[in-house]
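The values are calculated or read from the model by the stated rules, or taken from the named source; none is laboratory data. Since the structure is predicted, the reported quantities are computational estimates derived from the model, not experimental observations. When we count neighbours, we look across all protein chains shown, and the Cβ atoms used for this are built from the backbone with ideal geometry, even at glycine. We work out accessible area using only protein heavy atoms, side chains counted, and drop any ligands, DNA or RNA first. Shrake-Rupley method; radii C 1.70, N 1.55, O 1.52, S 1.80 Å.
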Amino acid sequence: MTTRWWLVMRKYPPSVGGMERLSWEVTQRLGAVRPLEVIANVRQRLLPWFVLTAATRLAAACVRRRVGLLHLGDPVLAPLAVVARALGVPTIVTLHGLDIVHPHPLYRAWRALFLRRFDAYVCISESARAAAVDAGLPPERLHVIGIGVDVPPPSSTDAVRDAATLLFIGRLVRRKGLAWFVGDVLPSVARRYPDVKLVILGDGPERDTVVEAARGGGVERALLWPPRDEANKAAWLARASVCVMPNVRVAGDMEGFGIVALEAAAAGCPLLASDLEGLKDAVADGESGTLVPPADAAAWIASVDDVLARPREAQRMSRDARAFVGSGRGWDRVIDAYCTLFDAVAAG
């Protein structure tokens with residue numbers, strides 16, 4: 001009788017985001033080397049219905065001894081582990097950061113009730129691991145496995161980069177710092193570079209705040225909002241002068257990793273990112289990008305100017321970034337780490 005690793009993911013394409021991307025990559029790449037059963041919320045069903053149907057399938061398979069290990073994509077799905085453990089199946093969950101520090105009282109009660117008995121926890125960054133330790137999870141069961149990236153062939157990054165084109169990719173939420181950047185940094189950059197453009201690939205609840213910040217700083221015309229899709233993202237990463245990740249600290253929120261940092265480095269796009277939380281894992285300062293003090297307008301203005309004013313230095317940054325991610329941040333390393341951990345947990 002064949003057992004499989006079961007992976008349950010509530011964040012999954014066609015929905016767009018970092019968790020969705022990680023879920024897709026892990027399931028597809030692990031499935032290429034090990035027998036898997038994947039339950040993913042592809043149709044974006046309501047969470048209670050998705051959990052109920054997943055629990056029904058999981059319980060039936062556990063009773064038939066078809067499940068060798070259960071891995072959950074995030075702690076919101078933690079009640080499914082109760083089913084697996086009751087039927088003798090080892091369990092693992094991935095921690096992304098926000099799912100540990102989220103301050104809502106009901107979620108904190110949920111976390112306290114369901115999150116303490118997993119056999120192992122995958123933390124996507126050292127910052128996520130530190131948050132898990134602070135939350136009282138057992139340190140000896142916390143394993144840091146980051147995120148990988150595919151490095152495109154050199155020919156796809158040889159295009160001449162647009163002058164004074166800044167790029168932001170991500171969901172427009174407060175911790176991403178885009179409203180702060182547009183209001184406190186972009187006006188000064190625009191005074192020195194009147195033709196500067198900020199290309200924004202993303203949407204979210206902070207969009208109106210970003211627009212208001214641009215209007216207040218007199219740089220509304222500098223903002224471009226092309227559709228966010230994979231083709232557009234690749235095209236702008238190949239063209240932009242610099243990719244910015246100006247994250248700021250927000251109580252009860254955090255950046256677990258920042259996959260855009262790896263994507264920018266792989267595309268050879270010079271990168272500036274805030275020196276905080278999971279971005280410290282995603283960016284090798286001076287190699288794949290530059291870490292800048294968060295919410296320090298003077299430092300950010302100087303860093304952007306340094307890239308735009310020195311195109312030869314930007315070319316060096318581009319080469320170094322691609323070399324860095326090509327030498328050790330690929331998906332093969334990540335999937336090997338998952339396999340090693342899963343094998344150990346499944347073996348008891």
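List of remarks:
- When residues of the range 316-348 are limited to those that are among the polar types (S, T, N, Q) and under 16 Å from residue 285 (Cα atoms), the one most open to solvent (accessible area, probe 1.4 Å): 327
- Any hit, the range 252-270, residues being assigned to a strand (DSSP E or B), modelled with pLDDT of 90 or more and more than 17 Å from the chain's Cα centre (by Cα): no
- Just one of the listed residues (66, 117, 161) is touching a residue at least 40 places away in the same chain (Cβ under 8 Å), surrounded by fewer than 18 Cβ atoms within 10 Å (Cβ to Cβ) and not aliphatic (A, V, I, L, M), and it is 66.
- Residues satisfying the stated conditions in the range 1-20, i.e. surrounded by 17 or more Cβ atoms within 10 Å (Cβ to Cβ) and either assigned to a helix (DSSP H, G or I) or among the charged types (D, E, K, R) (or both): 10, 11, 18, 19, 20
- Matching option when the condition is of a type in the set (Lys, Arg), modelled with pLDDT of 95 or more and open to solvent by 70 Å² or more (accessible area, probe 1.4 Å), among 57, 45: 57
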